[in-house]
1. Over all distinct alpha-carbon pairs, what is the Kirkwood Rh of region 6-91 in angstrom?
2. Using a probe radius of 1.4 Å on heavy atoms only, what accessible surface per residue do you get for the chain? Whole Å² is fine.
3. Give me the angle, in degrees from 0 to 90, between the Cα long axis of helix 76-87 and the longest principal axis of the Cα atoms of the chain, rounded to the nearest 10.
4. Using only the alpha-carbon atoms, how far is helix 12-22 inclined from the longest principal axis of the chain? Give it as 0 to 90 degrees, nearest 10.
5. For the chain, what is the charge dipole size about the Cα centre, in debye to the nearest 20, if Lys and Arg each add +1 at the Cβ and Asp and Glu each add -1 at the Cβ?
6. Would you kindly state how much longer the chain becomes between residue 68 and residue 16 on full extension, computed as 0.36 nm times their sequence separation minus their alpha carbon distance, in nm to one decimal?
7. Could you check the simple spin-label distance between residue 37 and residue 25, using points 7 Å along Cα→Cβ, in nm with one decimal?
8. In whole percent, how big is the carbon plus sulfur part of the accessible area of the chain, probe 1.4 Å, protein atoms only?
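The values are calculated or read from the model by the stated rules, or taken from the named source; none is laboratory data. This one's a predicted model, so the numbers in the text were calculated from it and none came from an experiment. Here Cβ is always computed from backbone atoms with ideal geometry, including for glycine, and neighbour counts include all displayed protein chains. Heads up: the accessible areas ignore ligands, DNA and RNA and are worked out on the full protein's heavy atoms, side chains in. Shrake-Rupley method; radii C 1.70, N 1.55, O 1.52, S 1.80 Å.
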Amino acid sequence: MEYKEMAKVMTDEEVKTCMAILIEDSVILDIERNTIQNYIRVKYRLIGDHSKGIYWISLLSNSIEDVEEKHLRHEARYLYMQYLVARGYSDYWKGNMFVEE
(Lines give C-alpha, C1' and ligand atoms only; values in the text may rest on other atoms or scores of the structure.)
Protein backbone atom coordinates (compact mmCIF):
# COMPACT_ATOMS: atom_id res chain seq x y z
CA MET A 1 0.00 0.00 0.00
CA GLU A 2 1.19 3.50 -0.68
CA TYR A 3 0.11 6.93 0.47
CA LYS A 4 -2.65 8.58 -1.59
CA GLU A 5 -3.59 12.25 -1.50
CA MET A 6 -7.24 12.15 -0.49
CA ALA A 7 -8.26 15.44 -2.11
CA LYS A 8 -7.04 14.17 -5.49
CA VAL A 9 -7.91 10.48 -5.33
CA MET A 10 -10.84 9.91 -2.95
CA THR A 11 -14.05 9.32 -4.89
CA ASP A 12 -17.43 10.86 -4.06
CA GLU A 13 -18.57 7.38 -2.99
CA GLU A 14 -15.70 7.18 -0.51
CA VAL A 15 -16.62 10.64 0.82
CA LYS A 16 -20.17 9.30 1.34
CA THR A 17 -18.70 6.35 3.23
CA CYS A 18 -16.67 8.69 5.43
CA MET A 19 -19.76 10.76 6.18
CA ALA A 20 -21.70 7.62 7.10
CA ILE A 21 -18.87 6.70 9.46
CA LEU A 22 -18.79 10.16 11.04
CA ILE A 23 -22.40 11.40 11.00
CA GLU A 24 -25.01 8.70 10.49
CA ASP A 25 -27.98 10.89 9.51
CA SER A 26 -26.10 13.20 7.14
CA VAL A 27 -27.13 14.06 3.61
CA ILE A 28 -24.32 15.46 1.47
CA LEU A 29 -25.17 18.68 -0.34
CA ASP A 30 -21.78 19.59 -1.78
CA ILE A 31 -18.18 18.38 -1.84
CA GLU A 32 -15.25 20.80 -2.20
CA ARG A 33 -11.71 19.52 -2.71
CA ASN A 34 -8.62 21.50 -1.75
CA THR A 35 -5.79 19.72 -3.56
CA ILE A 36 -3.16 22.20 -2.39
CA GLN A 37 -3.73 21.58 1.33
CA ASN A 38 -5.12 18.05 0.79
CA TYR A 39 -8.49 18.19 2.50
CA ILE A 40 -12.13 17.76 1.53
CA ARG A 41 -14.85 20.09 2.80
CA VAL A 42 -18.35 18.65 2.87
CA LYS A 43 -21.58 20.63 3.11
CA TYR A 44 -24.37 18.56 4.65
CA ARG A 45 -27.72 18.58 6.39
CA LEU A 46 -29.20 16.15 8.88
CA ILE A 47 -32.24 13.94 8.36
CA GLY A 48 -34.85 14.93 10.93
CA ASP A 49 -33.21 18.26 11.75
CA HIS A 50 -36.16 20.56 12.43
CA SER A 51 -34.01 23.68 12.22
CA LYS A 52 -33.13 22.68 8.64
CA GLY A 53 -29.56 23.76 9.27
CA ILE A 54 -26.77 23.52 6.77
CA TYR A 55 -23.46 22.35 8.23
CA TRP A 56 -19.86 21.87 7.13
CA ILE A 57 -17.14 19.39 8.01
CA SER A 58 -13.53 19.27 6.83
CA LEU A 59 -12.09 15.82 6.17
CA LEU A 60 -8.33 15.82 6.68
CA SER A 61 -5.82 13.03 6.21
CA ASN A 62 -5.56 12.33 9.95
CA SER A 63 -8.51 14.12 11.54
CA ILE A 64 -11.66 16.12 11.04
CA GLU A 65 -12.30 19.81 11.69
CA ASP A 66 -15.07 22.39 11.57
CA VAL A 67 -17.72 19.96 12.79
CA GLU A 68 -20.39 20.23 15.44
CA GLU A 69 -19.32 17.58 17.94
CA LYS A 70 -22.93 16.74 18.83
CA HIS A 71 -23.42 15.44 15.26
CA LEU A 72 -20.65 12.85 15.49
CA ARG A 73 -21.51 9.24 16.13
CA HIS A 74 -19.89 7.31 18.97
CA GLU A 75 -16.20 6.57 18.17
CA ALA A 76 -16.46 8.54 14.91
CA ARG A 77 -12.89 9.85 15.00
CA TYR A 78 -11.45 6.41 15.74
CA LEU A 79 -13.45 4.71 12.96
CA TYR A 80 -12.60 7.49 10.48
CA MET A 81 -8.90 7.10 11.25
CA GLN A 82 -9.14 3.34 10.72
CA TYR A 83 -10.74 3.95 7.32
CA LEU A 84 -8.04 6.41 6.28
CA VAL A 85 -5.21 4.09 7.29
CA ALA A 86 -6.83 1.07 5.61
CA ARG A 87 -7.32 2.98 2.34
CA GLY A 88 -3.90 4.66 2.25
CA TYR A 89 -5.17 8.22 2.82
CA SER A 90 -3.60 8.72 6.23
CA ASP A 91 -0.39 10.71 6.56
CA TYR A 92 0.93 7.70 8.48
CA TRP A 93 1.60 6.11 5.08
CA LYS A 94 3.47 9.18 3.80
CA GLY A 95 7.19 8.55 3.91
CA ASN A 96 6.80 5.61 6.30
CA MET A 97 10.07 3.64 6.22
CA PHE A 98 8.28 0.48 7.34
CA VAL A 99 6.01 0.29 4.30
CA GLU A 100 7.30 -2.11 1.68
CA GLU A 101 7.33 -0.64 -1.77
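1. Values: mean 1/r = 0.0775 Å⁻¹.
With all distinct Cα pairs of region 6-91 included, I get 12.9 Å.
2. Numbers: 6470 Å² over 101 residues.
That works out to 64 Å² per residue.
3. Between helix and principal axis, roughly 40 degrees.
4. Relative to the chain, helix 12-22 is tipped by roughly 70 degrees.
5. Details: 13 positive and 18 negative charges, 42 e Å.
Dipole about the Cα centre, nearest 20: 200 debye.
6. Values: separation 52, 0.36 × 52 = 18.72 nm, distance 1.78 nm.
Taking 0.36 nm per residue and subtracting the Cα distance, the gain is 16.9 nm.
7. 3.0
8. Values: 3150 of 6470 Å².
Carbon plus sulfur share of accessible area: 49 percent.
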